[in-house]
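My questions will all concern the structure given below.
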Amino acid sequence: MELENKAESLILEAQKALAAKYYAEAYRLFQEALGIYKQLNQPEKAGQYRQEAEKIKKETASFAPLPAIDYHAHPFFVSEIKKNPSLYMAARHFRLKMEGVPQNIDDLIKHMDEANIEKAVIMSLDTSASDHWAFKVKAQTNDDIAHMVQQYPDRLIGYGSVDPRRPDAVEEVERCVKELKFKGLKFHPAAIGVFPNDEKYFYPIYEKCVELGVPVQSHTGTTGLYFTKIKHTMPIYYDDVAVDFPTLKLVLLHFGIGGWQDQAMSLVFRHPNVYLDLSGASPRIIPRDIIQAANTPFYQNKIIFGTDYPFVGMAQWFSTFNKIMPDVWTEETKKKVFRENALNLHVNPPFSAFEVLKSEGMEVPPNVKR
Ligand SMILES: [Zn+2]
């Protein structure tokens, strides 16, 4: 009787998980319940829930195991890619098939639905102060992004993109957060040819982001963007930023992809305020060290899922993940990497070593910045 009750409550929990789109959990709970029915010698019920479990597995083969947050998705439409020489070369480099590229924002939402992605962080790529011909094209503006977010406020999270060489760069950062209600800023140091630790162009912006309490995501590693130099996106340069802005939440996009993941990992390891995201790579090519590290307390709260859509497709990402590593991450790691770490970036106050020291009764000079 007791076992029967247990099985029944497992089924109830499984149905709840299913309704909330926590598919991996629902599958596991159905499996556990059917095990009990087998033990109780009730083959009919066992068969019924085996079917239920198998149906979930089949129908969600390209879905995130739980409602995911894609921390890095570009609303680059076909029209956008075709008019931008650098982006066009990137699309070629990624062997991007144009049928996977959205025509409009509704397509992006559809692609999210097809992968159980609840929310996506979207942003433009502002290179408006560039003197390189390929980057002088008129790209999507922050206002365009804000307009997309207004259409799907529950599904999209806007980040601002500001070319730090713009004379009004700091004001634009402030406008992005205060007026356009963006939740963070995105930078691509290679696209603008400025090092991320550049004190003239970047530091006033970081200072403003600290003041506004918003995270910064910035490109690291190699890039498909043509006409750029990737010395600007070596992760090691962000070490200066993390040290000089200990209360700035800094996300190293693409984990230093292309061979610099060790640098990215060592920054995440040593700085409480540095995170990395997995975007720009299929699970097949994300380095095993990063995959393994995500299960450890040093990294578990600091690794964030992202795709780099449309260069990496959302459903493709999860169909590969479900095939090659469905059980590599613990349930807790999956919850954190696919969802909670990204959400926490926007709700928790910026981490400060000063606050920790003060709470331990240690002395910290007043108004200290670094
Ligand atoms: Zn990107």
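Please treat every number below as a calculation from the coordinates, not as lab data. Quantities reported herein were computed from a predicted structural model and do not represent experimental measurements. Here the Cβ positions follow ideal geometry from the backbone for every residue, glycine too, while neighbour counts run over all protein chains shown.
Ignoring solvent entirely, what values of log10 I(q)/I(0) come out of the Debye formula for the chain at 0.11 Å⁻¹ when each Cα is a single scatterer?
Scattering profile of the chain, log10 relative to I(0): -0.77.
For the range 192-273, which trypsin sites (Lys or Arg not before Pro) are in a loop by DSSP, counting at most 11 other Cβ atoms within 10 Å?
Loop-located and lightly packed - K200, K229.
Moving to a separate point now. Angle, helix 169-178 long axis vs. longest principal axis of the chain, Cα atoms, 0 to 90°, nearest 10?
30
Only loop residues by DSSP count here, and only those with at most 16 other Cβ atoms within 10 Å; note down the chymotrypsin sites (Phe, Trp or Tyr not before Pro) in the range 198-229 that meet that.
Loop-located and lightly packed - Y226, F227.
Over what distance in Å are the Cα centres of the range 148-171 and the range 318-370 separated?
Here the answer is 23 Å between Cα centres.
What trypsin sites (Lys or Arg not before Pro) does the range 9-105 have in DSSP loop regions with at most 12 other beta carbons within 10 Å?
Sparse-neighbourhood loop trypsin sites (Lys or Arg not before Pro): K83, R95, K97.
Send over the per residue convex hull volume for the range 180-306, Cα only, as a whole number of Å³.
Taking the convex hull of the Cα positions in the range 180-306, it is 108 Å³ per residue.
Could you give the length gained on full extension between E44 and L357, defined as 0.36 nm per residue of separation minus the Cα-Cα distance, in nm?
Additional length available on full extension: 106.6 nm.
Another question, then. Once you place label points 7 Å from the Cα toward the Cβ at S79 and K229, how far apart are they in nm?
3.6
Less than 12 Å from a label point 7 Å out along the Cα-to-Cβ axis of M325: which backbone N atoms in the range 58-73 qualify, by residue?
none
May I ask for the angle, rounded to the nearest 10°, between helix 314-324 and the longest principal axis of the chain, with both axes built from Cα atoms and the value confined to 0 to 90°?
Between the helix axis and the principal axis of the chain, the angle is about 50 degrees.
Would you work out the relative contact order for the range 68-345, in percent, from Cα pairs under 8 angstrom that are 6 or more residues apart?
19
How tilted is helix 203-212 with respect to the longest principal axis of the chain? Cα atoms for both, answer in degrees (0 to 90, nearest 10).
For helix 203-212, the angle is close to 50 degrees.
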